[in-house]
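J.: Let me begin by handing over the structure; questions about it come next.
Bear in mind these aren't lab numbers, they're just calculated from the coordinates by the rules spelled out. Since the model is a prediction, treat every value here as computed from it, not as a measurement. Neighbour counts are summed over all protein chains in view; Cβ atoms, including those assigned to glycine, are modelled from backbone coordinates with ideal geometry.
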């Protein structure tokens, strides 16, 4: 249920906290999770559009899981020779897939490594200065959907840069983004990271879900009014900062209800083709977790989803 909407004008947030995510530009390269399946074309199409637009590189990386060690006790084959052959075979399949999808683009490079997928992609993004990691998710109702969702969430849990989970048949730049905002640094990063992915003249809707709280029963009669005033003030900083890019229209909406269903319903009603949200760290351990809201958004979304990292863990 929509409680209130509008645009507020207060001070902008500090850009120093946003790192490489701020502005209508990509400061770095793109890392595309390589998948030779012909249904996994969405990330390549999006990467090509962004690479051409910003004149940056897109690196497609495939990861081959190593063969379990016990097999070497039973066959007379050098394990390094076999692993190298497996990489070369996968690399050829991946190159053919890239060429079929985007042609022999000068913006793309392709490579394959052996390892565990999520850590390998996260390490490659750090080493290569990638600003985003693009990964495909299978269509709803298909056999691969759940597995690709799990892989994307694991990658978002591991990576230091935004993970963009792209529908398999996606072929354009987003025109209407919904950003789930809880006013953490993670959700602020998600908002700014979404900017560079958007088509010219796009719309951004900042959405906050008011938590259920029976404060009136505890004598807090003006809870709703005070909460909405505070949210309006916080919205204002984001609106001012995001709107400074010039060619995007920024609006806000305050929702009520269970967060993920409320956000998904609003995104569908508004015709959004990108949903952006943040992930969070556990203060005690410093380990990343993709919260129930961000995971539910990915599993329920019918469009592209951006999962932004939180940055430094709280002290």
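J.: Using a 10 Å cut-off around each Cβ, can you sort 26, 67, 133, 56 from fewest to most neighbouring Cβ atoms?
T.: If I rank by nearby Cβ atoms, fewest first, I get 67, 56, 26, 133.
J.: Okay, next question. Which of 195, 49, 94 has the fewest other C-beta atoms within 10 Å, and how do the rest follow up to the most?
T.: Least crowded to most crowded, the residues run 49, 94, 195.
J.: Expected output is a single nm value to one decimal: the length gained when fully extending between residue 183 and residue 233, i.e. 0.36 nm times separation in residues minus the C-alpha distance. What is it?
T.: Full-extension gain reported as 16.9 nm.
J.: Mind jotting down the three principal axis lengths of segment 96-226 based on Cα atoms? Whole angstrom, largest first.
T.: Ordered largest first, segment 96-226 gives principal extents of 66, 37, 35 Å.
J.: If you don't mind, another one. Given labels modelled 7 Å from the Cα in the Cβ direction, how far is it in nm from residue 224 to residue 85?
T.: 7.1 nm
J.: When the chain is fully extended, how far beyond the present Cα-Cα distance does residue 53 get from residue 292, taking 0.36 nm per residue of separation?
T.: 82.6 nm
J.: How big is segment 89-135 by Rg and Dmax over its Cα atoms, in Å?
T.: Every Cα atom of segment 89-135 included, Rg and Dmax give 11.7, 29 Å.
J.: Would you please classify the overall shape of segment 71-154 from the alpha carbon gyration tensor, given that a ≥ b ≥ c denote the square roots of the eigenvalues, rounded means a/c under 1.5, and beyond that prolate means a/b larger than b/c while oblate covers the rest?
T.: Here segment 71-154 falls in the prolate category.
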